[in-house]
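Enquirer: Below: one structure in structure tokens.
The values are calculated or read from the model by the stated rules, or taken from the named source; none is laboratory data. A quick note: this is a predicted structure, and the numbers were derived from the prediction, not measured. Every residue, glycine among them, receives a Cβ derived from its backbone with ideal geometry; neighbour counts consider all protein chains shown. These accessible areas exclude ligands, DNA and RNA; they are computed on the full protein's heavy atoms, side chains included. Shrake-Rupley method; radii C 1.70, N 1.55, O 1.52, S 1.80 Å.
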Amino acid sequence: MSKRGRPRDFDYSSIVDVAMKTFWTKGYEGCSTQDLCSDTGLGKGSLYNTFGSKHELYTQVLERYHEIGIREQKAILESSISVKERLRNFLKWALEEDFEHTDQKGCLLINAGLERAKDDPMVEEIVSKHVELLIQAIEKVMEEGLRTGEISKKQSAVDLASLFLSSYYGFRVLNTSTQNRTLAEQIMNGTIDSIFGA
């Protein structure tokens, strides 16, 4: 594939997917325009004509990652199995994401939030949107568990969802930072036990 101009088989979504891997590996600040051109096969002019700027391409990447991620997460949380197994499968999904795809360095949205959310309103907006949709989905699961008696805790669904969400995000950050699968499994089991008991 030529590195100059727009490839004949150019596909917008495919370019965003390739750029996603580049940003995922290098981070925003560590990713140069040349890195993006080399990986996507686009010339610098085509890259800017198509996306406007590196930041706009990053925006498209984070939006796509959010859309794919929240769809996968909600599918797990809305599956037709017990509440306990849904929540356990959700954490197992995250564990596999973090340990089976080590070249991608954890969750892209978490990485983006840690790197740029304080100074970049776009990143803060996308991360916040994802968190809000995720906690709504988790609250529904907790409400079902409390209603059916599968969860016997006295806390509200909101409190239980907040507990689970905080454990989940700490879990993801530690997985990326330490790559300690034994610790990750202990945290996963401890999180489930804190909600359902041993």
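Enquirer: If we keep just the residues of the stretch 90-115 that are open to solvent by 40 Å² or more (accessible area, probe 1.4 Å), of a type in the set (D, E, K, R) and assigned to a helix (DSSP H, G or I), which is modelled with the lowest pLDDT?
Expert: If we take residues in the stretch 90-115 being open to solvent by 40 Å² or more (accessible area, probe 1.4 Å), of a type in the set (D, E, K, R) and assigned to a helix (DSSP H, G or I), then Asp103 is modelled with the lowest pLDDT.
Enquirer: Taking the stretch 116-174 on its own, how many of its residues are assigned to a loop (DSSP other than H, G, I, E, B) and either without any contact (Cβ under 8 Å) to a residue 40 or more places away in the chain or not hydroxyl-bearing (Ser, Thr, Tyr) (or both)?
Expert: Summing the residues that are assigned to a loop (DSSP other than H, G, I, E, B) and either without any contact (Cβ under 8 Å) to a residue 40 or more places away in the chain or not hydroxyl-bearing (Ser, Thr, Tyr) (or both) in the stretch 116-174 gives 11.
Enquirer: Can you name the condition, by its number, that Ile81 falls short on among (1) assigned to a loop (DSSP other than H, G, I, E, B); (2) surrounded by 14 or more Cβ atoms within 10 Å (Cβ to Cβ); (3) of a type in the set (Val, Ile, Thr)?
Expert: Checking Ile81 against (1) assigned to a loop (DSSP other than H, G, I, E, B); (2) surrounded by 14 or more Cβ atoms within 10 Å (Cβ to Cβ); (3) of a type in the set (Val, Ile, Thr), the one that fails is (2).
Enquirer: Let me ask you something else. Based on what the data block shows, is Ala184 out of contact with any Phe, Trp or Tyr (no Cβ under 6 Å at 6 or more places or on another chain), under 28 Å from Arg64 (Cα atoms) and touching a residue at least 24 places away in the same chain (Cβ under 8 Å)? Break it down into steps so the answer makes sense when it comes.
Expert: Working: out of contact with any Phe, Trp or Tyr (no Cβ under 6 Å at 6 or more places or on another chain): yes; under 28 Å from Arg64 (Cα atoms): yes; touching a residue at least 24 places away in the same chain (Cβ under 8 Å): yes.
When the stated conditions are applied, Ala184 passes them.
Enquirer: Still on this model: Restricting to the stretch 131-148, and then to whatever is hydrophobic (A, V, I, L, M, F, W, C) and closer than 19 Å to Arg172 by Cα, can you tell me which residue is most open to solvent (accessible area, probe 1.4 Å)?
Expert: Out of the qualifying residues, it is Leu133.
Enquirer: Here's another thing I want to ask about it. Output the residues belonging to the stretch 55-87 that are over 14 Å from the mean Cα position of the chain (by Cα) and touching a residue at least 24 places away in the same chain (Cβ under 8 Å).
Expert: Passing the criteria: His55, Leu57, Tyr58, Thr59, Gln60, Leu77, Glu78, Ser82, Val83, Lys84, Arg86, Leu87.
One line per residue, one yes/no per condition, for (1) open to solvent by 30 Å² or more (accessible area, probe 1.4 Å); (2) assigned to a helix (DSSP H, G or I); (3) among the small types (Gly, Ala, Ser); (4) more than 30 Å from Arg88 (Cα to Cα):
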site: Val18; (1), (2), (3), (4): yes, yes, no, yes
site: Thr25; (1), (2), (3), (4): yes, yes, no, no
site: Gln34; (1), (2), (3), (4): yes, yes, no, yes
site: Leu42; (1), (2), (3), (4): no, no, no, yes
site: Gly45; (1), (2), (3), (4): yes, yes, yes, yes
site: Tyr48; (1), (2), (3), (4): yes, yes, no, yes
site: His55; (1), (2), (3), (4): yes, yes, no, yes
site: Arg64; (1), (2), (3), (4): yes, yes, no, no
site: Ile70; (1), (2), (3), (4): no, yes, no, no
